[in-house]
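A short write-up of the structure that comes next.
The values are calculated or read from the model by the stated rules, or taken from the named source; none is laboratory data. Values in this document were obtained by computation on a predicted structure and should not be read as measured data. Here the Cβ positions follow ideal geometry from the backbone for every residue, glycine too, while neighbour counts run over all protein chains shown.
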Amino acid sequence: MHGAGTGTAITPVSSLAYRPADPLNAIAFDHFYNLEYERSVEDFQKVRTRHPGDPFALNHLLAALMYGELYRMGALNTGEYAQQSFLAAAHRPADPGVKEQIKQLTREAEQEEEKRLKVNPNDLDALYARGATRAQFAIYTALIERAWFSALRNAVGARHDHERVLELDPRYTDAKLLVGADDYVTGSLSWGAKLAAALVGVTGNKEQGLRDLYEVANSQGETSVDAKVALVLFLRREHRYQDALPFLRSLIQSYPHNVLFALEEGALLRALARNAEAEAVYRRLWDAGREGRYDGLHYERAALHLGDLLRSEKEYAKAAAAYELVGQVETPDPEALQQANLYAGEMYDLQLKRDLAVRKYDAVIATNATTPPAAIARRHLREPYRID
């Protein structure tokens, strides 16, 4: 399985088929994957108006609203999803109005899906759409509400719907995205966690999950892009960085405004010990951001990652200079700014520039005194940072 999918041509996004059949869907998805969420929501809303009651139109609008809010909250940083502890990461709270919109759209989509399934319990599109709605609500309840049991219940229901779709029609490739991702995640659990999952009817096979995702990624269905994103994340967790790069670079080429994809290329190159290439990626990303390519997005994380890279090479003065760049952005991500100030302070301490270090630690605490970085900064104020 290690080489599964290698050598397969990657499907261009221009050939993907979206539902309902509306030319505006392709434009809306282009905005969506370029992180232009407001424009994506506007376009998906128009598609919904043109196709009243269509569960696919409702699900697309739901996704755009939810992922837009997750990005605003700072919950879509790819590096976290390569770690076992990503679910515990704390972020900014969700907007109550957006939360209500998400819940209302979920209810509306489920009502339409149930109405169709009462007429025909084997309606493939209605089954698939209900599974997609349940999957999205599972993401909402997990990452926004932090309601794990509700998330699990919805995730299990989503998987059962898509497994039923594949039982009725094994060629319904879009359904393999959720099943494949769930197989990979469940198959990656510890023995005890697998046992607990089995008790609620969920089993997994990591290798089969990856095979399914390769198939979806190279299909012409509307979940092809999502499968590529999942493969980048999962292959990174498997330390198969070289296998992940072609998928990631195809995404970067298709969606040049997506700063998360651009940042992930640097992370993969670092993981491959190709530090000079990673540094070049981060510097190009920073320069492009300053020139306006990533308007409205948090490209300053490129400077944060550049600082981390230089720090790993013991280039402490250069690392401090990179961390300082984050504060040059007009409205930097608060978490990125706090981390950058903390790390800059540590670099100054290593250079015996105590006054500069103290100034940075004070800035960390001034940003938000209740966070883990603030606790570390207070400790460094008492005692200068040193490498053990």
Mind checking which helices (runs of 4 or more DSSP H) fall wholly inside the stretch 270-388 and carry at least 1 residues that are among the acidic types (Asp, Glu), modelled with pLDDT under 95 and buried (at least 17 other Cβ atoms within 10 Å of the Cβ)? 334-350
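Among the residues of the stretch 108-120, which ones are assigned to a helix (DSSP H, G or I) and over 17 Å from GLN45 (Cβ atoms)? Spell out how you get there, then give the answer.
So in the stretch 108-120, the residues assigned to a helix (DSSP H, G or I) come out as 108-119.
Selection gives GLU110, GLN111, GLU113, GLU114, LYS115, ARG116, LEU117, LYS118, VAL119.
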Can you tell me which residues in the stretch 220-236 are in a loop (DSSP other than H, G, I, E, B) and either over 18 Å from ALA132 (Cα atoms) or not polar (S, T, N, Q) (or both)? GLY221, GLU222
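Considering the stretch 126-170 alone, what residues qualify as being on the phi < 0 side of the Ramachandran plot and assigned to a loop (DSSP other than H, G, I, E, B)? Give the steps one after another, and end with the answer.
Initially, the stretch 126-170 is screened for residues on the phi < 0 side of the Ramachandran plot, giving 126-145, 147-170.
Once the filter is applied, which keeps residues that are on the phi < 0 side of the Ramachandran plot and assigned to a loop (DSSP other than H, G, I, E, B), the stretch 126-170 yields ILE144, GLU145, ALA147, ASP169, PRO170.
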Quick test of your reading of the structure: THR173 fulfils all but one of (1) part of a helix (DSSP H, G or I); (2) in contact (Cβ under 8 Å) with a residue 40 or more places away in the chain. Name the failing condition by number. (1)
Over 20 Å from HIS380 (Cβ atoms) and out of contact with any strand residue (DSSP E or B) (no Cβ under 8 Å at 6 or more places or on another chain) - does that describe any residue in the stretch 332-352? yes
Filter the stretch 142-168 for residues that are of a type in the set (Ser, Thr, Tyr) and in contact (Cβ under 8 Å) with a residue 60 or more places away in the chain and give the result. none
